[in-house]
Amino acid sequence: MSLADQTQTIAKLFISKGWTIALAESCTGGLVCAALTELPGSSDWFERGYIAYSNQAKSECLGVPVELIESFGAVSEPVAKAMAEGAQRNAGANVGASITGIAGPTGGSPGKPVGTVCFSWTIPSGAGEFVTHTKTKLFSGDRRAVRQQATEYVLTELLALLNDH
């Protein structure tokens with residue numbers, strides 16, 4: 001499914017559920033927000049996006065504990081989880097999603113090579129509570145390719161979660 005088709009389907013699902021979304025992006029720098037707001041009428045379901053690129057922004061804007069970043073690193077599932085939950089909570093949205101990663105060409109390490117990206121999605125459960133899902137992926141290619149793959153992946157997984165709820 002193309003990115004345009006995915007965003008159209010996501011929009012229809014948000015509208016049908018009466019839900020809104022808030023995004024927290026780091027390595028993608030707003031690409032996901034741009035893809036979603038490309039659609040006319042997106043203001044009906046797109047609440048806001050945070051581009052929390054620095055560790056300070058992750059803490060100040062999203063409430064990510066400094067200790068969490070120090071313990072696990074900015075590119076980690078615990079930080080991605082805190083980012084998604086912070087975006088959802090701060091925005092009062094039904095769904096929160098986040099991306100934090102190493103797009104390159106520098107910044108990688110043996111334990112976290114360039115292309116490592118952590119994702120998280122916070123979504124209401126059937127019981128009315130929020131459930132948070134996290135995943136880590138390793139993408140290949142240059143900076144642009146990693147950012148594009150991360151954008152497509154977060155939306156693919158969001159669509160799957162929306163279809164399940």
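The values are calculated or read from the model by the stated rules, or taken from the named source; none is laboratory data. Because the structure is a prediction, the values reported are computed rather than measured. Cβ coordinates were reconstructed from backbone atoms using ideal geometry, including for glycine residues, and neighbour counts include every protein chain displayed. Remember, those area values only see protein heavy atoms, side chains included, never the ligands or the DNA or RNA. Shrake-Rupley method; radii C 1.70, N 1.55, O 1.52, S 1.80 Å.
For segment 83-165, the set of GluC sites (Glu not before Pro) satisfying both a DSSP loop assignment and a count of at most 16 other C-beta atoms within 10 Å is given as GLU129.
For segment 1-84, what does the relative contact order come out to in percent, with C-alpha contacts under 8 Å and a separation of six or more? Please list the in-between numbers first.
On the way: 84 pairs, mean separation 21.9, N = 84.
Here the relative contact order equals 26 percent.
Applying a DSSP loop filter and a limit of 16 other Cβ atoms within 10 Å to the chymotrypsin sites (Phe, Trp or Tyr not before Pro) in segment 3-73 leaves TYR53. Between segment 49-118 and segment 125-165, what's the alpha-carbon centroid distance in Å? Rounded to whole Å, the Cα centres lie 14 Å apart. The long axis of helix 3-17 is offset from the longest Cα principal axis of the chain by roughly 50 degrees. Within a straight-line Cα-Cα reach of under 16 Å, LYS81 can be paired with the following aspartates and glutamates, leaving aside sequence neighbours fewer than 8 residues apart in one chain: GLU25, GLU60, GLU67, GLU70, GLU129, GLU157.
When DSSP beta bridges are restricted to pairs lying wholly in the chain, around 60% turn out antiparallel. Spacing of the modelled spin labels on THR156 and GLU129, each 7 Å from Cα toward Cβ, amounts to 3.1 nm. With respect to the chain, whose longest principal axis is taken over its alpha-carbon atoms, helix 143-164 is tilted by about 40°.
Annotation for segment 4-68: GluC sites (Glu not before Pro) lying in DSSP loop with at most 14 further Cβ atoms inside 10 Å of their Cβ are GLU38.
Using a probe radius of 1.4 Å on heavy atoms only, what accessible surface per residue do you get for the chain? Whole Å² is fine.
Details: 7600 Å² over 165 residues.
On a per-residue basis, the chain sits at 46 Å².
Whenever you get a sec, compute what percent of the accessible area on segment 67-165 sits on carbon and sulfur atoms (1.4 Å probe). Intermediate results must be reported in sequence, preceding the final value.
On the way: 2260 of 4470 Å².
Result for segment 67-165: 51 percent of the exposed heavy-atom area is carbon or sulfur.
Rounded to the nearest 10 degrees, the inclination of helix 77-91 to the longest alpha-carbon principal axis of the chain is 40 degrees. Each of GLU38 and ARG143 was given a label point 7 Å from its Cα along the Cα-to-Cβ line. The distance between the two points is 2.1 nm.
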